[in-house]
Structure formats: structure tokens, C-alpha cells
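Have a look at the structure below, then the notes.
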Amino acid sequence: MASILSPFRQTYRYLQRQAHESPVIFFSCVLGAIGPLMVITVPPIRTSLGWKPAESIPTTYPLPNRPRRPVQGYEDE
């Protein structure tokens, strides 16, 4: 049984040593590994907390649903 857990124990010891000897590299690798996991876990958590996406910004000016009238008035003769 000990031979099955040996690689995990050695990996833990290696990571612990790296955290003490070069913490910047170690923690940058930890944050780099957490990033892809957050892509999967954060959106469902946000929706369960009641977050709703913002309404999209209009890209065109809405035209009225009526016939156009010719312009009359100031210098439009």
C-alpha cells in the first residue's frame, strides 16, 4: 500500500521544498493552475447568487414604426 502512495508523497515533499526555496515560482504555478478551474466553476456560482448579464448595448439607432414625413420649416422651402 505504501508503494501506491509513494509518488504522491514525494510530489508533496517536492512542492513543499519549492514553496520554501522559490516561493515566487511556486505560487505563480499555483495561480496558473487555478485559472482554468475558475473558468469552469465561477459562472455557475455567479448565476446561483442571482447575477444577471447586463443588457447589450445597441449598435444601431432604432427607427420608428411609422411613415416618414417630409421636413418643413426653417429653410426647407
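None of the figures in this text is laboratory data; all of them are computed from the coordinates on show. All of these numbers come straight from a predicted model, not from anything done at the bench. Don't worry about glycine lacking a Cβ; one is built from the backbone with ideal geometry, like all the others, and counts go over all protein chains shown.
Rg and Dmax of the chain, both derived from C-alpha coordinates alone, stand at 30.4, 98 Å. With the simple spin-label model, which puts each label point 7 Å out from Cα in the Cβ direction, the THR59 to LEU5 separation comes to 5.7 nm.
Restricting the trypsin sites (Lys or Arg not before Pro) of the chain to loop positions (DSSP other than H, G, I, E, B) with no more than 16 neighbouring Cβ atoms within 10 Å leaves ARG68.
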